[in-house]
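Please read the structure below before turning to the comments.
The numbers here are math on the coordinates, done by the rules we state, and not lab data. Predicted model, so just to flag it, every value in this text is computed and none were measured. We place every Cβ from the backbone using ideal geometry, glycine too, and count neighbours over all the protein chains shown.
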Amino acid sequence: MSLLASFHYSVADAQQASRRLRKAMSEPGVVVSLPLMPGRNELSSAASALLLTREEGADTLWLDPQIDSAALRSTLHFCTGMPLVPACEASLALSHARANPDPACLMGRQHAAGNIRTLIIELPGLNGGLTLRLSGGGLRETRAVAPQLPPAVLTYLREHPHPSRQRGDLMFTCGETLMALPHDVRVTVC
């Protein structure tokens, strides 16, 4: 049994997922639905779809030890072709809120071998947390969102509110839904 299957209708599903991901990135804080495949254990359907839309060979992936397993590694490698590497060599990271990942440590790395540009965090909910006010990044007006973020991510956003490529993109998933905070959006934690 695999933890991560491919899309049911590979081309059509991948295109639909890619369109929804582009919407999430171009409209920071908007929640998009990615119900294209079932989630398995630590990996939601939204995170599964996100990983399957990555261009083969373009990314390297670090798995947080709290969700890492031999079965997940095998399935991700088979389905995505993405090399699984240490954090210092990764361009993409996958974690869970209960692991309290620290974006400052993960995305602050400046190594010749790699630099995490996108951190995907599985959250308990995309509503019901502290309010974040988003501005810039293509937004015409301020947007308020309230994902249930772990303490290290809230601290990071308080300390790095201004748009910066070094900040990297944050992708929050929960079940079939995804929310993006691209690197070019200004974030105020209320």
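Taking amide H positions as placed in the peptide plane 1.01 Å from N, state which residues far from residue 127 in sequence (5 or more) or on other chains have amide H under 5 Å from it.
148
Using the per-residue mean of other Cβ atoms lying within 10 Å as a proxy for protection, in what order, highest first, do the peptides 86-97, 126-137, 43-54 fall? Please report the intermediate quantities before stating the final value.
Details: 86-97: 20.8, 126-137: 16.3, 43-54: 23.8.
Result, highest mean first: 43-54, 86-97, 126-137.
For region 130-190, evaluate the Debye formula with one uniform point scatterer on each Cα (no solvent term) and list log10 I(q)/I(0) at q = 0.19, 0.24, 0.25, 0.27 Å⁻¹, rounded to two decimals.
Results for region 130-190 at q = 0.19, 0.24, 0.25, 0.27 Å⁻¹ read -0.66, -1.08, -1.17, -1.34.
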